[in-house]
Amino acid sequence: MKTSRLFVVGRKMGMTTINTDSGSRHGVTLLEILPSKVISKKTIDSDGYEAVQVGYESCPSTKLSKPALGHQQKAISDSDIAYKSLTEVQVEDSSSFDLGQDVSSYLHIGEKVTVIGRSKGKGFTGVMKRHNFKGGASSHGARGVSRRPLSAGAMGPARIFPGQKMPGRYGNFVNVQRNSEVIDWDMDNGIVAIEGSVPGGRGSLVRIYPQQELPSDVEDPTLKIEESKEESKTAEDTKAVEVKEESKTAEDTKAVEVKEESKEKKKDAN
């Protein structure tokens, strides 16, 4: 997905409910936004495509190997702090980003986002929990078959075909959740409230991608829908007043012209 905006990394804190200014109540997931910086850039001339590499999850530089630390040296100003996680995003123009640029403030209140995270791991589970099987009989002589998958193959081939719903590992896979809305953002504490649930358990990391491009003139990340509605309402009121004044001025001008014409007609008649 080529975009001019990058993702934001958040650490899941838990769920709660909040009330908005309009009076509606939302069940939200609270995410702690982690600082992230542009580590490297790739261009068409050198690499054949435009991309930006973002680093997050800061750690002491002593925790990284010398090659990994040398890769980040141009981007990090503090030699004691480095980033242990790197993710690359294809962009339209990598020249619009600078090395070491902080990209942890790309969200806006009220916009739709895509949240990508890893779901909770449930371990090795049976078919009833993993695939929602109904289960077998529990009475009339049925012994030990209540939660078993029973027959899964045909007699002819004498084997089980690949892709059958069987017991196995459940959870711990990448989950993409679209059309999630940013309800609120506490910039002082770096906490974002996303409507609904978010994949993963407490303490897990998720990536938040903007789903739609915002206008270039929008710079304030705390912009709210209510404020935009108020601005549009104010603009409409101002426009209505201007139209009213213009119509009134036109009517006055027309009345003066009619009055002058009547005076001239009377003068000519005399």
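Things to note:
- Lone qualifier among Val127, Val52, Val91, Val145 - being touching a residue at least 60 places away in the same chain (Cβ under 8 Å) and not small (Gly, Ala, Ser): Val91
- Applying the condition of being at pLDDT below 85 and surrounded by 10 or more Cβ atoms within 10 Å (Cβ to Cβ) to region 140-159 and asking which residue is farthest from Glu111 (Cα to Cα) yields Ala142.
- Filtering region 22-69 to residues that are of a type in the set (Asp, Glu), under 22 Å from the mean Cα position of the chain (by Cα) and at pLDDT below 90 leaves Glu50, Glu57.
- No other residue among Val198, Val182 is surrounded by 11 or more Cβ atoms within 10 Å (Cβ to Cβ), β-branched (Val, Ile, Thr) and not in a loop (DSSP other than H, G, I, E, B) apart from Val182.
- So Arg178, is it touching a strand residue (DSSP E or B) at 6+ places or on another chain (Cβ under 9 Å) and modelled with pLDDT of 85 or more: yes
The rows are residues; the columns are (1) assigned by TED's automatic domain parsing to the domain that holds Pro210; (2) hydroxyl-bearing (Ser, Thr, Tyr); (3) part of a loop (DSSP other than H, G, I, E, B).
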| residue | (1), (2), (3) |
| --- | --- |
| Lys74 | yes, no, yes |
| Asp98 | yes, no, yes |
| Ile109 | yes, no, yes |
| Val115 | yes, no, no |
| Arg130 | no, no, no |
| Ala137 | no, no, yes |
| Gly141 | no, no, yes |
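- Residues of region 151-168 satisfying the condition of being within 43 Å of the chain's Cα centre (by Cα) and in a loop (DSSP other than H, G, I, E, B): Ala152, Ile160, Phe161, Pro162, Gly163, Gln164, Lys165, Met166, Pro167
The values are calculated or read from the model by the stated rules, or taken from the named source; none is laboratory data. All values reported here derive from a predicted model rather than from experimental measurement. Because the Cβ atoms are built from the backbone with ideal geometry, glycine has one as well, and the counts that use them run over all protein chains shown.
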